[in-house]
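In what follows, a single structure is set out as structure tokens and then discussed.
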Amino acid sequence: MLVTLGVIAGFHGANLEAAEQAGTSSDQVPAADLKVFNDPTILTRRVWLETEWNKFTDGASIVEETAGTLWVWRVSENQDWAVRLKLPVNLRVGSDDPNVPDIGGLGDVKVATGTAFRLRKTFRVGAGLDLEMPTGRHEFSDNAWQIQGFGSLGWDITRWLTFSPSFEYNQSVAEEGSAQPLNSLETFFPFTIILPHKWAVTAGYENKTDFENDNYVTNKAKIAIAKELESIPLRFYLQTKRDFDSVEKEFQVSFVVTGYFR
């Protein structure tokens with residue numbers, strides 16, 4: 001498994017109908033609970049359970065169940081501070097290769113802390129730093145100490161359309177055993193459309209540049225749908241990704257159930 005200690009940072013916009021309010025909590029961002037799945041500039045106090053299923057061409061499936069929580073505190077009228085914890089469990093089954101056994105175990109445990117600010121009612125921006133250290137089963141870990149720097153912004157173009165690009169730069173500082181050095185840059189470009197009756201749709205493009213592999217670039221597209229319940233603070237999120245460069249992976253699907261604290 002992999003334990004991550006780091007910094008999460010982000011900016012939160014004010015409510016479009018109440019711009020005089022300050023802070024970065026979800027009540028200042030229209031439809032924040034539907035945007036939070038793809039907008040790291042929004043910090044809201046919540047817990048979630050995520051199921052991610054990766055299907056490969058050799059018949060193998062890797063399923064990752066992740067329990068997570070994010071706690072947020074007000075620092076000033078324009079700033080929040082947050083602590084995040086992720087606890088994943090992985091399962092690999094179904095390979096056609098008899099030399100690839102079915103296995104399970106704890107995955108990459110992550111702990112993070114950071115801050116968030118607001119610039120104006122429709123614009124947010126943030127940056128942070130993660131420290132990751134290998135502590136678990138090598139099949140489900142990068143087996144390297146890593147530093148990750150990231151940045152993000154959120155722009156509410158209209159009340160129903162948000163653009164929230166972000167990037168993550170990963171650099172390993174020490175490797176265990178025969179693990180290779182890691183040095184990569186990932187960028188994310190999602191657009192979220194808010195629909196009536198507390199629905200949302202997100203479409204996005206992602207890429208990754210692997211500096212340790214001759215600057216090899218991989219590209220992905222994703223589509224997702226989110227629903228917020230009317231009577232209780234629960235949100236559901238279903239996402240699928242298409243990898244245009246991998247000949248090994250058939251598809252990736254994620255489903256997230258999130259509960260919010262008010």
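The values are calculated or read from the model by the stated rules, or taken from the named source; none is laboratory data. Bear in mind that the values here come from a model prediction, so they are computed numbers and not experimental data. Reconstructed Cβ throughout: ideal geometry from the backbone, glycine too, with neighbour counts over all protein chains shown.
Of all the listed residues (GLN180, GLN239), the sole one being surrounded by 13 or more Cβ atoms within 10 Å (Cβ to Cβ) and of a type in the set (S, T, N, Q) is GLN239.
Picking from residues in the stretch 242-262 that are of a type in the set (Ser, Thr, Tyr) and closer than 22 Å to PRO190 by Cα, the one that is surrounded by the most Cβ atoms within 10 Å (Cβ to Cβ) is THR258.
Looking at ASP96, ASP33, ASP108, can you tell me which residue is closer than 25 Å to LYS241 by Cα and out of contact with any strand residue (DSSP E or B) (no Cβ under 9 Å at 6 or more places or on another chain)?
On the way: ASP33 fails: out of contact with any strand residue (DSSP E or B) (no Cβ under 9 Å at 6 or more places or on another chain); ASP108 fails: out of contact with any strand residue (DSSP E or B) (no Cβ under 9 Å at 6 or more places or on another chain).
Criteria check complete, one pass: ASP96.
For the stretch 121-140, which residues satisfy the criterion of being among the basic types (Lys, Arg) and either over 24 Å from the mean Cα position of the chain (by Cα) or modelled with pLDDT under 85 (or both)? First the steps, then the outcome.
Step one: of the stretch 121-140, the residues among the basic types (Lys, Arg) are 121, 124, 137.
ARG137 - this is the single residue of the stretch 121-140 that is among the basic types (Lys, Arg) and either over 24 Å from the mean Cα position of the chain (by Cα) or modelled with pLDDT under 85 (or both).
Of the residues making up the stretch 147-156, one or more are touching a residue at least 12 places away in the same chain (Cβ under 8 Å), within 18 Å of the chain's Cα centre (by Cα), surrounded by fewer than 16 Cβ atoms within 10 Å (Cβ to Cβ) and within 21 Å of GLY107 (Cβ to Cβ).
None of TYR169, TYR205, TYR237, TYR216 is touching a residue at least 24 places away in the same chain (Cβ under 8 Å) and aromatic (Phe, Trp, Tyr) except TYR237.
Among the strands (runs of 3 or more DSSP E) lying completely within the stretch 72-174, list those that include at least 1 residues that are aromatic (Phe, Trp, Tyr) and more than 16 Å from VAL36 (Cβ to Cβ). Can you show your working first?
Numbers: elements: 79-93, 103-106, 110-117, 123-134, 144-156, 161-163.
Counting at least 1 such residues, we get 79-93, 110-117, 123-134, 144-156.
So, of the residues in the stretch 233-250 that are modelled with pLDDT of 90 or more and of a type in the set (A, V, I, L, M, F, W, C), which turns out to be farthest from ASP210 (Cα to Cα)? Ranking the qualifying residues of the stretch 233-250, first place goes to LEU234.
If TRP81 satisfies all but one of (1) modelled with pLDDT of 90 or more; (2) over 22 Å from ASP156 (Cβ atoms), what's the number of the condition it fails? Of the numbered conditions (1) modelled with pLDDT of 90 or more; (2) over 22 Å from ASP156 (Cβ atoms), the odd one out for TRP81 is (1).
Kindly check whether there is at least one residue in the stretch 70-78 that is modelled with pLDDT under 85 and crowded, with 16+ Cβ neighbours inside 10 Å. Yes - at least one qualifying residue is present in the stretch 70-78.
Within the stretch 109-120, can one find any residue that is buried (at least 16 other Cβ atoms within 10 Å of the Cβ), modelled with pLDDT of 90 or more and hydroxyl-bearing (Ser, Thr, Tyr)? No; the residues of the stretch 109-120 include none that is buried (at least 16 other Cβ atoms within 10 Å of the Cβ), modelled with pLDDT of 90 or more and hydroxyl-bearing (Ser, Thr, Tyr).
Restricting to the stretch 157-177, and then to whatever is closer than 28 Å to PHE117 by Cβ and among the β-branched types (Val, Ile, Thr), can you tell me which residue is surrounded by the most Cβ atoms within 10 Å (Cβ to Cβ)? Before you say what the answer is, go through the steps one by one.
Initially, the stretch 157-177 is screened for residues closer than 28 Å to PHE117 by Cβ, giving 157-171.
Right, trim to among the β-branched types (Val, Ile, Thr) and you get 157-158, 162.
Details: ILE157: 10, THR158: 11, THR162: 30.
Residue satisfying both the conditions and the ranking: THR162.
Within the stretch 117-131, residues that are in contact (Cβ under 8 Å) with a residue 24 or more places away in the chain and polar (S, T, N, Q) reach partners that are outside any strand (DSSP E or B) and crowded, with 18+ Cβ neighbours inside 10 Å with beta carbons closer than 7 Å, at six or more positions or on different chains, in the pairs THR122/GLY13.
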